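See structure below.
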Amino acid sequence: MNSEIARLFWSFSPFIIMLFIIGLYCIFVTFNLIRVLVGVEVLMKAATLLVIVAGAATGHIALAQVIVVTLIVIEVVVITIAAGVVIGIWRHNNSLDTRKIRQINDEGISDE
Amino acid sequence: MLLSLLILIPLFSVLVLNLPPLLRRAKVSFYCALCFTLAQIALVFFCVFNPQSIVVNPFGSLLELDLSADSISFVVLLSIGITGFITLLVAKYFICEQQNEHNFVSVLFLALAGLNGIVLTSDIFTLYVFLEIAAAASFVLIVINRKKNALEAAFKYIVLSILATTMMLSSIALFLFIAGNTHFASIRAAFNYSSHDFLLILASGLFICGAFIKAGVVPFHGWLPEAYSESPAPVTVFLAGIVTKTLGIYTLIRIVNSVFGFLPAINNLLLFAGAVTITLGALGALAQNDFKRILAYSSISQIGYIVLALGSGTALGLSAALFHFFNHSIFKALLFVNSAATEAQTKTRNVEAMGGLQAKMPATAFTSVIASLSAAGVPPLAGFWSKLMIVIALVASGHPLYALVAVLASVLTLAYLLSLQRRVFFGTLNADCAQVVEARAGLVFAAVLLALITVGAGVFFPFVLNTFILPIEKIFAG
Amino acid sequence: MIVNSILLIALLCVALWAVMTRSLLRSAIALAIVSAVLTMLMFRLHSPLAAVFELSVCAGLIPVVFVSAITLTQPLSTKEVLQHMRERLTRFWYLPFIIVSSGIIFTFIHLSSKMPLPGAEVDKDVRILLWNIRPLDLIGQILILLIGAFGILIIFKEKKENE
């Protein structure tokens, strides 16, 4: 019985790991700041799914739901602050490309 | 419980201070926050001397929250109170606009609530919630002046911090799967049952990695120098003094002591990471020219000491880690206050452009020398005792090589900090600095206060040992 | 289980699209769809409350945040977009292969653990659990919402000064 329930968790886990790979790949490969946030969102989705599956597989679904509700609130606030910071960076540099921003910074240093 | 006030007072005062249109709101909220930090320090002393008072609840079941405090928490709460107080003193001179000052104090209040929550909770998910609160508050504090470099540093910090919290969250989900609950005690029970299951190893590894990122331990330290050096002066004091240490190191200490237990694999990981962090942080500090960057690398190196002490896996190591935690938050806050003072007076952070400031700013120079000597572990200052305890703990637990690393890196610390002192405060007076005068009274007061704490904790070491440090050994859960 | 598998594969495909599509706006929309698929999965896993929350907040609010961030920062001209697209492809085309190959690997490896699982809990109500047993989480939510409000206040104040 116990292992029967747990099979749910193990059948979901490969997909969750692949979601994590997608998010991490996006964060490390992209040069666009907003795209980094997209990767972060994918990561958070994977984590949310993991919590729900862990709760469902062991029958602690109420606790898992409480965790997910709190989690979503936190996620929204952090993403909003991050988006605000991105907009602030754009106002200073007129660019969201990390390479271009680095270039601007290097020129700024050589000017001094 | 008295302890729940440490979270609820900040929350309610922020609400109250923002609701009605108060006259001179910035000033009121500033003094409110100042009083709160002093009250927190007083509460810690009260609880340490009256241990039975922790469980007394004067308010009935109204404010009954699932909070608990032990000797580890008291040391950290004390550091939070002191650093918060100093941050407010420094902020008075660096956050100029009135509305901004009010916002700064409000966010600082919320950050204090988050930090206190991290320290007092005993549920791994609530720990995560308060971690995110303190982290989000520090993102906002870094960008408070909307400077270009600060925004970029903050973005780097945000992305790495989210990576860390995703790791922690996955590990919490795995713990939920294994233990069916997120309370420390139930996870601990799962570890007692079998500590070699691959799920448990994966979960604890993920959590420790997350804590390492938050603390800036070496493979993950990329965000730290930038965030420290680009944020406004009071925020740097706050970040370096307490935020990163509570987010990373306290979480690590609490989780290893109360949940994972000191397993050999975890100890070896901590010892190795600690030794690498100490060495690379110190070497990094040698190569810098920016006052705040030198201090940031020095912070990384000192964090390595705490991790190393924890890795010894003994009761002495645990208490040494906590004592160094306290000492580091004091002397690093002091050094950053000094850097704020010199930056305000000379308008530069480049140490090559300074020199001979000792004649112009005697109090700043004197306190900064005390902090450097304490950081390098020169007796009888507080830093000496904690480093001595770390070395003894390492030797006693059979890691003489790591003890050697700690001692040698201490010499390196002395080298880069004395070189910093020489370049900034001694030698010939730089022509650009001829007009410099002593820093504002509040900054000098903050620096002298911190220097007195450092000297006092060193001279009255037996008292500190008996009241704060030795009780920690009792709750060691080897 | 078949329905779950279809939903999971759909989730992966939409996530891939969100990461790989060249237009940031489409990316934001794809994220909303990811949330919607996740909502369906949550319903299938007997967690309706969290599912509703996910649908309203993550599929509703976060795309708004993204879209406003994208419209406030319009960086590229069409020529740049074309060049950018070509560059992106060289960096991103490995990803589907990685995902497919890891999927193949996972069909051969059967993850499992011998840990004894905890017994199922007594059927508690979510609301009671949140309000009575975990009030600290609620306080945490209030705190972080306040921080978010102050963060927006601080970051966007500059605009007022410029105008």
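The values are calculated or read from the model by the stated rules, or taken from the named source; none is laboratory data. Remember, predicted model here, so these are calculated numbers, not experimental data. Using ideal geometry, Cβ is built from the backbone for each residue, glycine included, and neighbour counts are taken over all protein chains shown. Only protein heavy atoms, including side chains, enter the accessible area calculation; ligands, DNA and RNA are left aside. Shrake-Rupley method; radii C 1.70, N 1.55, O 1.52, S 1.80 Å.
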Do any of B:148/B:360; B:27/C:157; B:92/B:156 go past 30 Å between their Cα atoms, and which? B:148/B:360
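Count neighbours as other Cβ atoms within 10 Å of each site's Cβ, and list the trypsin sites (Lys or Arg not before Pro) in segment B:1-43 that are DSSP loop with at most 14 such neighbours. Spell out each step's value before the answer.
Details: sites: B:24, B:25, B:27; in loops: B:24.
The qualifying sites are B:24.
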Using the Kirkwood formula on alpha carbons, the hydrodynamic radius of the protein assembly as shown in angstrom works out to 26.5 Å
Accessible-area ranking of B:49, B:36, largest first, probe 1.4 Å: B:49, B:36
Complex-versus-alone comparison for segment C:8-44, residues with a loss of 50 Å² or more in accessible area, probe 1.4 Å: C:8, C:12, C:19, C:24, C:31, C:38
Which one of B:450, B:40, B:9 is farthest out on the positive end of the charge dipole of chain B, using unit charges on Cβ (Lys, Arg +1; Asp, Glu -1) and the Cα centre as origin? B:450
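Could you give the accessible area per residue of segment A:2-111, probe 1.4 Å, as a whole number in Å²?
On the way: 3110 Å² over 110 residues.
On a per-residue basis, 28 Å².
Probe radius 1.4 Å, ligands and nucleic acids ignored: give me the carbon and sulfur share of the accessible area of the protein assembly as shown as a rounded percent. Working shown, then result.
Values: 18970 of 27350 Å².
Roughly 69 percent, rounded to a whole number.
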Under the Karplus relation with 6.51, -1.76 and 1.60 and θ = phi - 60°, whole-Hz ³J(HN,Hα) for segment B:219-226, x at Gly and Pro, equal x, 10, 8, x, 7, 5, x, 5
Counting only DSSP loop positions in segment B:278-371, the trypsin sites (Lys or Arg not before Pro) whose Cβ has at most 14 other Cβ atoms within 10 Å are B:347
For segment B:336-351, in order, what is each residue's ³J(HN,Hα) by Karplus, 6.51 cos²θ - 1.76 cosθ + 1.60 with θ = phi - 60°, in whole Hz (x at glycine and Pro)? 6, 4, 4, 5, 5, 5, 5, 5, 5, 7, 9, 6, 8, 10, 6, 5
Roughly how large is the A-C contact in terms of buried accessible area, totalled over both chains, probe 1.4 Å, nearest 100 Å²? 6500 Å²
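At 222 nm, what helix-only mean residue ellipticity would chain A give, in deg cm²/dmol to the nearest 500, using -39500 (n - 2.57) for each DSSP H run of four or more? Intermediate results must be reported in sequence, preceding the final value.
Numbers: 4 runs with 101 residues, N = 112.
The helix contribution divided over chain A gives -32000 deg cm²/dmol.
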Pulled fully out, how much extra length does the chain show between residue B:476 and residue B:189, if you take 0.36 nm times their separation in residues and subtract their Cα-Cα distance? 101.7 nm
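Mind checking the full-extension length gain between residue B:16 and residue B:35? Use 0.36 nm per residue of separation minus the Cα-Cα distance, one decimal, nm. The partial results should precede the final answer.
Numbers: separation 19, 0.36 × 19 = 6.84 nm, distance 1.54 nm.
Here the segment from residue B:16 to residue B:35 would lengthen by 5.3 nm.
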Would you check the accessible area of residue C:20, probe 1.4 Å, heavy atoms only, in square angstrom rounded to 10? 60 Å²
Evaluate segment B:263-478: find the radius of gyration of its Cα atoms, find its Kirkwood radius, and give the ratio Rg to Rh. 1.02
Let me have the 222 nm mean residue ellipticity of chain B computed from DSSP H runs of 4+ only, each contributing -39500 (n - 2.57), with the sum over all residues rounded to the nearest 500. -24500 deg cm²/dmol
Short version: which residues of segment B:1-45 lose at least 10 Å² of accessible area, all chains versus chain alone, 1.4 Å probe? B:7, B:8, B:11, B:14, B:15, B:18
Hey, what do the phi angles of segment B:162-173 turn into as Karplus ³J(HN,Hα) couplings, whole Hz, using 6.51/-1.76/1.60 and θ = phi - 60°, x for Gly and Pro? 5, 4, 4, 6, 5, 4, 4, 5, 4, 5, 5, 4
